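K.L.:
Take this structure first; my questions come after.
Values quoted throughout were computed directly from the atomic coordinates according to the rules given, and no laboratory measurement underlies them. Note that this is a predicted model, so its numbers are computed, not measured. For neighbour counting, all protein chains shown are included, and Cβ atoms are generated from backbone atoms with ideal geometry for every residue, glycine included.
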Amino acid sequence: MTAAVRVLLVGASGRMGRAILDAAPSQAGVEIVAQQNRGDDSRDAISDCDVVVDFSHADATDAVCAACTEAGRPLVIGTTGHSAEQASRVSRAAASIPIVLAPNFSVGVNALFWLTRKASEMLGDGFDIEIVEMHHRLKKDAPSGTAKRLAEVACESRGLDYERDVAHGRTGLIGERPSNQIGVHAIRGGDVVGDHTVIFASSGERVELTHKASSRGTFAVGALRAAQWVVGRPPALYSMQDVLGLNDPAR
Ligand code: NAD
C-alpha cells in the first residue's frame, strides 16, 4: 500500500480549513499532518509534509509560495482574491514547483466553466452575458474567484479583454448596454456557500446556467484530490481541469 500524502493545511481554523479537516479522514491516501493559521510561519512545519494546501487569505499567498519554493514542496491554492501582482508571483513560483491554482474545486463548477464556453460559442454575439454570484455575508473578496474565472471564459470566447470589457455592477446614468460587455454582480448575505449563474440574454429568449454549492465539503474533497494529484508532478501552474483530467477548454 502506498503511503498517504502528508498535507500541511494553511488557514486550518477558517470555514474551508474546517471543511478540509472534516473531509480528510474519509479520503483514502491523504492525511493532514500539520495546520497553520494567521501568524504562523509555513517554514516551521513544511519539512515534514509532502504538499501544502492553502485556503487562507490572498495576502498570505506570497509567504506560502516562498516557503514551498524554498523547501521544494508542491502547493494547492484555493485562496481567491489575488491582485494581478500576487497572481503573477504565483505564476513565477510555478516555474520551480508544481502548483494547482483553482478558484473552485467542485466538479460541478468545473463543468460550469466548460458549459459557459460552449454556450457562449453556440449562442454567439447576439446574446448578452451577465454573471451573478451570491455568497455568505462573511466573504471578504468580490467578485468571487469563480465569477472572475467565468467572466474570463466569456471574454476568451468573445475575443474581449477582462480589464476593458467587464463591468462590475452598474449605477447611475450608464446609457445603453454595449454588446461587447460582460456584467458581473456580487450579492452577499446569510450563509450561502456559493451560487453562480451565467445569463445569456437576447431579444425574445434567455438561457441561464446555474451552479449552487450547498456544502463546503465539495470544495474540500476536490482540494484533497488535487493535493494527491500534484505530488510528483513537474513544476507548472495547473488548474482543477488538469486534476480532473479534462481537456481544459476553460483556461
Ligand atoms: P475564513 O475567513 O473563514 O478563513 C481564513 C483562514 O485563513 C483563517 O483560519 C485565518 O486565520 C487564516 N488567515 C487569514 N489571513 C492569513 C494570513 N495572512 N496568513 C495565514 N493565514 C491567514 O475564509 P474561508 O471561507 O475559509 O475562505 C478562505 C479562502 O478560500 C478565501 O479566499 C475563499 O474565497 C477561498 N475559497 C476557495 C474555494 C475554492 O474552491 N477554491 C472555496 C471556498 C472558499
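K.L.:
Where the eigenvalues come from the Cα gyration tensor of region 107-213, what are the semi-axes √(5λ) of the equivalent ellipsoid, largest first, in whole Å?
P.N.:
Ellipsoid half-lengths, sorted descending, are 21, 17, 12 Å.
K.L.:
Still on this structure, please answer the following. Between residue 187 and residue 37, what FRET efficiency comes out of the Förster formula 1/(1 + (r/R0)^6) with R0 = 35 Å and r the beta carbon distance, rounded to 0.05?
P.N.:
Numbers: r = 29 Å, r/R0 = 0.82.
Taking R0 as 35 Å, the efficiency between residue 37 and residue 187 is 0.75.
K.L.:
Now for a separate question. Give, to the nearest whole percent, the P(r) tail of the chain beyond 23 angstrom, counting all Cα pairs. All intermediate terms of the calculation are to be shown ahead of the outcome.
P.N.:
Numbers: 15972 of 31375 pairs.
That fraction is 51 percent.
K.L.:
Exactly which GluC sites (Glu not before Pro) in region 147-189 are in a DSSP loop and have at most 13 other Cβ atoms within 10 Å?
P.N.:
Working: sites: 152, 156, 163, 176; in loops: 176.
Hits after loop and neighbour filter: 176.
K.L.:
While we're on this one: Which lysines, on any chain, are close to residue 139 with Cα under 29 Å apart, when same-chain ones fewer than 8 places away are left out?
P.N.:
Output for residue 139: 148, 212.
K.L.:
Can you compute the FRET efficiency between residue 96 and residue 171 using 1/(1 + (r/R0)^6), with r the Cβ-Cβ distance and R0 = 51 Å? Round to the nearest 0.05. Walk me through the numbers on the way to the answer.
P.N.:
Working: r = 44 Å, r/R0 = 0.86.
The value I calculate is 0.70.
K.L.:
Here's something else I'd like to know. Check residue 36: other-chain or 5+ apart residues with amide H under 5 Å from its amide H, H built from backbone geometry?
P.N.:
9, 10, 11, 12
K.L.:
Can you work out ³J(HN,Hα) from phi for every residue in region 169-181, in order, using Karplus 6.51 cos²θ - 1.76 cosθ + 1.60 and θ = phi - 60°, giving whole Hz and x for Gly and Pro?
P.N.:
Residue by residue, region 169-181 yields x, 9, 8, x, 7, 8, x, 5, 6, x, 6, 8, 10 Hz.
K.L.:
While we're on this one: What is the order of 118, 139, 148, fewest Cβ neighbours within 10 Å to most? Walk me through the numbers before you get to the answer.
P.N.:
Working: 118 14, 139 17, 148 22.
With the fewest neighbours first, 118, 139, 148 line up as 118, 139, 148.
K.L.:
Could you tally the net charge around residue 136, taking each other residue with its Cβ under 12 Å from the Cβ of residue 136, Lys/Arg +1 and Asp/Glu -1? List each step's numbers first, then the result.
P.N.:
Values: positive: 15, 137, 139, 140, 188, 216; negative: 133, 191, 195.
Residues near residue 136 contribute +3 overall.
K.L.:
Could you let me know the centre-to-centre spacing of region 51-72 and region 184-214, using Cα atoms, in angstrom?
P.N.:
So the two Cα centres are separated by 31 Å.
K.L.:
Describe numerically, in nm with one decimal, the distance between label points set 7 Å from Cα along Cα→Cβ at residue 83 and at residue 22.
P.N.:
3.4 nm
K.L.:
Next up: Nearest 5 is fine: what % of DSSP beta bridges in the chain come out antiparallel, could you say? Numbers along the way, then the final one.
P.N.:
Working: 16 of 45 bridges.
Once the DSSP bridges in the chain are tallied, antiparallel ones form about 35 percent.
K.L.:
Another one. Give me 153, 207 ranked fewest to most by other Cβ atoms within 10 Å of their Cβ, as a rough exposure proxy. Don't skip to the end; give the middle numbers.
P.N.:
Details: 153 24, 207 13.
Ordered by Cβ neighbours within 10 Å, fewest first: 207, 153.
K.L.:
Sticking with this one: Kindly work out what percent of the DSSP beta bridges joining two residues of region 107-213 are antiparallel, to the nearest 5. Intermediate results must be reported in sequence, preceding the final value.
P.N.:
On the way: 16 of 26 bridges.
Percent antiparallel among DSSP bridges in region 107-213 is about 60.
K.L.:
Spelling out what I want: for every residue of region 25-40, take phi, set θ = phi - 60°, compute 6.51 cos²θ - 1.76 cosθ + 1.60 (Karplus), and round to whole Hz; glycine and proline get x.
P.N.:
x, 9, 9, 5, x, 9, 9, 7, 9, 8, 10, 9, 9, 3, x, 7
K.L.:
May I pose another question? Would you grab the residues whose amide H sits under 5 Å from the one on residue 27? Only those 5+ places off in sequence or on another chain, please, with H modelled 1.01 Å from N.
P.N.:
Sorted by chain and number, the residues that satisfy this come to none at all.
K.L.:
Going by how many other Cβ atoms sit within 10 Å of their own, how do 97, 46 line up, fewest first?
P.N.:
On the way: 97 23, 46 20.
Fewest-to-most Cβ neighbours within 10 Å comes out as 46, 97.
K.L.:
Given points 7 Å out from each Cα along the Cα-Cβ axis, report the residue 6 to residue 47 separation in nanometres with one decimal.
P.N.:
Spacing of the two 7 Å Cα→Cβ label points: 1.1 nm.
K.L.:
Continuing with this model, one more query. About its Cα centre, what dipole magnitude does the chain give when the only charges are +1 on Lys and Arg Cβ and -1 on Asp and Glu Cβ, stated in debye to the nearest 20? Before the final figure, lay out the partial values.
P.N.:
Values: 26 positive and 30 negative charges, 66 e Å.
In total the dipole reaches around 320 debye.
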